[in-house]
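The values are calculated or read from the model by the stated rules, or taken from the named source; none is laboratory data. Please read these numbers as outputs of a predicted model, since none were measured by experiment. Glycine also receives a Cβ, built like all others from the backbone with ideal geometry; neighbour counts cover every protein chain displayed.
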Amino acid sequence: MSPLITVEELRALGTAPVLADVTWNLAGPPGKDAYDAGHLPGAYFVDLDTELAGPPGAGRHPLPDATTVTSTFERLGISSADTPVVVYDTANSMSAARAWWIFRYFGLTDVRVLDGGLTAWQAAGGEVTTDAPAEASGTYVATPGHLPMLDADGAAAVAVKGVLLDARAPERFAGEVEPMDPVAGHIPGAVNAPTAANVDETGHFLPSADLRSRFSALGITTGTETAVYCGSGVTAAHEALALESAGLPATVYVGSWSEWITDPTRPVATGTD
């Protein structure tokens, strides 16, 4: 099953899935404001900073703990691992992908991302509402470890023996600018693959064949050991989603660059090589 779902496919589902609006903006305004202004009927708001990440420390968006995720599952009404869940954001799925990855890591098996998000829904004539659903009372208990995950040492190892993708913009990868973290550059041996190139101008993911071609040009084919990271583990999930859509599974280094640089003994590379 594809990790993506189209508006048409969502409408055709016989049983309505749990809907989660994960609209989030790195530099503001708050995603909750956008949710309050209009969202898919029945969708719950999920806050990336407080529900899909732990407090900043070892990186800007470390893993949340299982108790936090269990509370989110509870209020969304999720009572089993196979409860169908569809997550979305405004358009390009950058933050929705984080929910897709976190929910799967903590045990859910049927999580898909609405391709094109709210923008695609509205473009197809979909209704939006400002009404928030009542909190539910799901019973599923989140447990970690249902997807593989890398730490800093693991990411460094993949950079040597496989392909480690850096999902950030080229200028951040090269160390020319760094708007978010105190050190600029990238993990030695990483390959730059900006996440923005996974989607078209409407926010829809490129067709699977095009994504496979893109990643093949970066050295990734079936069987290649592949890992991804970004600044804080958000757009890395988007890269992992694009890779899975292309049939090329990858492991996420959740701590990403913001965690890598907390240890001054770890090497830092700059430039485009």
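Quick notes on this one:
- Residue under evaluation residue 144, criteria (1) surrounded by fewer than 18 Cβ atoms within 10 Å (Cβ to Cβ); (2) closer than 23 Å to residue 242 by Cβ, criterion not met: (2)
- The stretch 110-133 - residue that is among the acidic types (Asp, Glu) and more than 22 Å from the chain's Cα centre (by Cα) and, of those, nearest to residue 239 (Cα to Cα): 127
- Residue that is in contact with a helix residue (DSSP H, G or I) (Cβ under 7 Å, 6 or more places away or on another chain), touching a residue at least 12 places away in the same chain (Cβ under 8 Å), more than 16 Å from residue 160 (Cβ to Cβ) and crowded, with 23+ Cβ neighbours inside 10 Å, where the choices are 227, 242: 242
- Residues of the stretch 14-40 that are crowded, with 18+ Cβ neighbours inside 10 Å and part of a helix (DSSP H, G or I): 31, 34, 35.
- Count - residues of the stretch 170-198 that are closer than 16 Å to residue 214 by Cβ and in contact with a helix residue (DSSP H, G or I) (Cβ under 8 Å, 6 or more places away or on another chain): 6
- When the stretch 3-13 is limited to residues that are modelled with pLDDT of 95 or more and assigned to a loop (DSSP other than H, G, I, E, B), the one that is nearest to residue 73 (Cα to Cα) turns out to be 3.
- Considering the stretch 44-96, and only residues there that are part of a strand (DSSP E or B) and closer than 30 Å to residue 261 by Cβ, the residue that is modelled with the lowest pLDDT turns out to be 57.
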